[in-house]
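Have a look at the structure below before the remarks.
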Amino acid sequence: MPDLACPVRRAALAIDLLAIDPGLGGLVLRARQGPVRQAVLDRLYRLPLPHRRLHPQTTDETLFGGLDVEATLGTGRVTQRDGLLSSPSTLVLGMAERAPPALAARLATALDGGAGHILVALDEGIDEESCAAALCDRAAFHVDLDGVSPSDLPDLEDPDLTAARARLSATPVTVDLHRQMAELGEMFGIESLRGPLFAIRAARAVAALQDVPLGTEQVEIAVALTFAHRATRLPETQDQQEAEPEEQESREETDASDGRNGQEIPQELLIEATRALVTPDLLDRARIKAMRGATGSGSGAVRKGNRRGRPLPSRPGQLGSGARVDLVATLRAAAPWQPLRRLSAPDRTGLQIRPPDIRLRRYEDRSDRLIIFAVDASGSAALARLGEAKGAIEILLSQAYARRDHVSLVAFRGSDAETLLAPTRSLVRTKRHLADLPGGGGTPLAAGLRAAIEEALAAKRRGLAPTVCILTDGRANVALDGTANRRQASTDAIEMGRLAMLNGIEALVLDCGVRPEQSLKSLAQAMGAPYLPLPRANAERVSNAVSAALRD
Amino acid sequence: MKTPFPFSAIVGQDEMKLALILTAIDPALGGVLVFGDRGTGKSTAVRALAALLPPIRQVKGCPVNSARAEEVPDWAGLETAEVVEAQTPVVDLPLGVTEDRVTGALDIERALTRGEKAFQPGLLARANRGYLYIDEVNLLEDHIVDLLLDVAASGENVVEREGLSVRHPARFVLVGSGNPEEGELRPQLLDRFGLSVEVASPGDVETRVEVLKRRDAYDRDHTAFMLRWQAEDAAIRDRILKGRVQLAELETPAETLSDVATLCLALGADGLRGELTLLRAARAYAAWRDDTALTRKHVRDVAAMALRHRLRRDPLDEAGSGARVSRTVEEVLA
């Protein structure tokens, strides 16, 4: 069995398997640019198809081909252009985490179409940024090269792929592959059936590569490669007794399935093979994904600003699928040159329009708004009015729903802050998270602010217009480093407030303490934010105040 | 390009399959909305539908698939009046599509090279008399949604832009699919879909094994697999054709009308569209089952898919509306 612990070897094996069976869809390579990634990319020559590079802004014209406007204008004859998707090829998508949902949807359709494309998505995302879920789901393999040092690059062998390809359909199978994969998929909490399907294909490809009948070892490798990143839970084994209710359930399932049929491959073996590759933070990531509904950006993408909104004067520009020509302005630009151009090309009839005449329409559009609620769930606030704050947020949520705003929820209590809900429009989920929000502990105001600022900056990068709405009673008593130090805590909070202001984040400070709090007033000042004391308000009034402050 | 996965070979997901078949029997039902998780066979089912649908007769080369030569729009510039058999169009509307592509726009190619003002038809023209499929419908940009609503309501696409003035019929069955976790759909568009179904990954191992087996067979031995299911697809197609004939002859008894009205009243479904769709769906269902009379059972069976998306929704209500419909059906039509 090849050594699968090294991500580079895993990636190399994945590439070989893709070369044997392009039906595996592709490989998502999560890595920053560098020698390690390059070493893997150098292996792409082994894929039998021509390479095409894509970038997140790739237009429809480039993908599907169409009229070559520049050439057509230049020659006066219709010139068509081939698209990148018109023949089977290896599509290398750089900066996959920036790919807009529209591009992801098109690539997903191309992969579904069965034309034989292979997708290699280079995901350079940091933290939660990641390649569109629609693409990750359709690529069999996912390798994270993080933490591999360039000095550890292994020497890779080059097995004969042509022979392996020829063997692919003839390799005998000695295990009940389908049932095995279905059960394993369930144990790892893999909802989508694409996971098990890919595992089956991968197992066949591994067997063909190694020129052996398909047996335990091949299944093990295939499962390890295709399941590790899809797992949303780990099956418990007997020796691990961290009793979380969810995981206990899954263990029972394991036992049940073990009892039902004597399989040829012990489940434990396969589980171990996968478990070895499941990175420690994977489940955290899965949790984050589940929290945010696995949507990369979806509805909150940047408005391109050439289709809707307030019209701006037309500008010279290039034709492309995303642009709309301002016909009148184009004609106006071309008109003065007509006599001259007729002289130089007397045999052409009609208007003579050259590429520099093209004028494009532009519109100014406001991007979607995101309201980040930073809620103080500390003991003091809980005593005072956590319930009221929750009520107010619920009312605001209904309004946000009507205005199609996005909302996100950050709670701080005890020693740290936590992003309970990444930006979403799903009201039901927000409501559920809010209802589950417990109260108690210290007030780490600075940590809460920091989490909200991070959230706001991430949202800005995605083209949303964030507003931070802080609900607190303002008695900060836990500093950034987690120690209970009232003095340090307020200094930290003010510091964070300044940071928010420096980053140009719109904010709003709601004082929900029993009496107006002086320190909160200075915090609001530091943030350049309106300060709203709400002594003894009901939920309705909190919401009205926020609406009024947001309206401008 | 491979032939799509056969419709009859899709394991389970009976409600979704039934909803799609009902729209094939009665296209006036107004479309299907399929909501569910990734990898549950949503797009597979819709793409399979294209191969399943009975062919239509249309004028050769007509951009709006007209049935008769006199219906071909002037701007198409067709000279032939030959009528040929063609597949029912199933048109994909991709996310991020521009308005021009949907409605059609000035044919830039002809404008630039020949100096002619001509209309280049868009996706709505191609979808006429067929299906328009929107994957991830809940992520579609709002202005495209508005446009689709407008056309779906009027059955006609009117283009007044860049000096063009063109109108052509655009009657299509709207099929949308999406994942509700990624965003919600505006109620106006929701209401526009005749039927709504919710799909989930099959829960038990046996079904999942069967899905894997069939998909694997489809991938590995494509020709044999398609042959194996061809007959079953053809059987469904025949039933659809028979159902269409049956539908025209089906009488609607007065009791059914009152059943439908009572049910919608009890549920507080908005507008009359709910009643009309429920009645149509029940009729199509009876025709599909080859039953000669419309009974209460038919109404009961299709109530959930015809009504669950029409209830006045409290956005903070967590219980699914499907459950509410079945509860009310139990009470009212006991």
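The values are calculated or read from the model by the stated rules, or taken from the named source; none is laboratory data. All values reported here derive from a predicted model rather than from experimental measurement. Cβ: placed from backbone, ideal geometry, glycine included. Neighbour counts: every protein chain shown. Calculation scope for accessible area: heavy atoms of the full protein, side chains included, ligands and nucleic acids excluded. Shrake-Rupley method; radii C 1.70, N 1.55, O 1.52, S 1.80 Å.
Taking every residue in B:207-215 and counting other chain Cβ atoms within 10 Å of its Cβ, the average works out to 6. Looking at the range B:7-199, the DSSP beta bridges with both ends there are about 45 percent antiparallel.
Averaged over its residues, the range B:207-334 has an accessible area of 51 Å² per residue, based on protein heavy atoms and a 1.4 Å probe.
For the range B:254-332, the relative contact order comes to 37 percent (Cα pairs under 8 Å, sequence separation of at least 6). Computed over chain B with a Gaussian network model linking Cα atoms closer than 10 Å, the most mobile of B:Ala81, B:Ala254, B:Ala125 is B:Ala254. Would you work out the relative contact order for the range A:395-462, in percent, from Cα pairs under 8 angstrom that are 6 or more residues apart? Reported as a whole number, the value is 32 percent. Overall shape of chain B was characterised from the C-alpha gyration tensor. The equivalent ellipsoid obtained from it has semi-axes of 33, 25, 22 Å, in decreasing order. 3J(HN,Hα) couplings calculated from phi for the range A:80-86 with the Karplus curve 6.51 cos²θ - 1.76 cosθ + 1.60 (θ = phi - 60°) are, in sequence order, 9, 10, 7, x, 5, 8, 6 Hz; Gly and Pro show x. The relative contact order of the range A:1-158 comes to 35 percent, based on Cα pairs under 8 Å that sit 6 or more residues apart.
Scalar couplings 3J(HN,Hα) for the range B:16-29, obtained by applying the Karplus form with A = 6.51, B = -1.76, C = 1.60 to θ = phi - 60°, are 4, 4, 4, 4, 5, 5, 4, 5, 6, 6, 10, x, 6, 4 Hz; x denotes Gly and Pro.
Loop-located GluC sites (Glu not before Pro) across the range B:24-97 with a Cβ neighbour count of 13 or fewer within 10 Å are B:Glu79, B:Glu82, with loop assigned by DSSP. Chains A and B together bury roughly 5000 Å² of accessible area, counting both sides, with a 1.4 Å probe on protein heavy atoms only. Taking amide H atoms as placed 1.01 Å from N in the peptide plane, the amide H of B:Val91 lies under 5 Å from those of B:Tyr131, B:Leu132, B:Tyr133, each 5 or more residues away in sequence or on another chain. Under a 5 Å amide H cut-off, with hydrogens placed 1.01 Å from N, A:Arg324 pairs with A:Arg361 among residues at least 5 apart or on other chains. Here the Karplus curve 6.51 cos²θ - 1.76 cosθ + 1.60, taken at θ = phi - 60°, turns the phi angles of the range B:31-42 into couplings of x, 10, 10, 10, 10, x, 6, 5, x, 10, x, 5 Hz, with x standing for Gly and Pro.
Would you mind checking which residues have amide H under 5 Å from B:Phe119's amide H? H placed 1.01 Å from N; only 5 or more apart, or other chain. Correct list: B:Asp107.
Largest GNM mean-square fluctuation across B:Gly61, B:Gly178, B:Gly31, computed for chain B with C-alpha springs under 10 Å, falls on B:Gly61.
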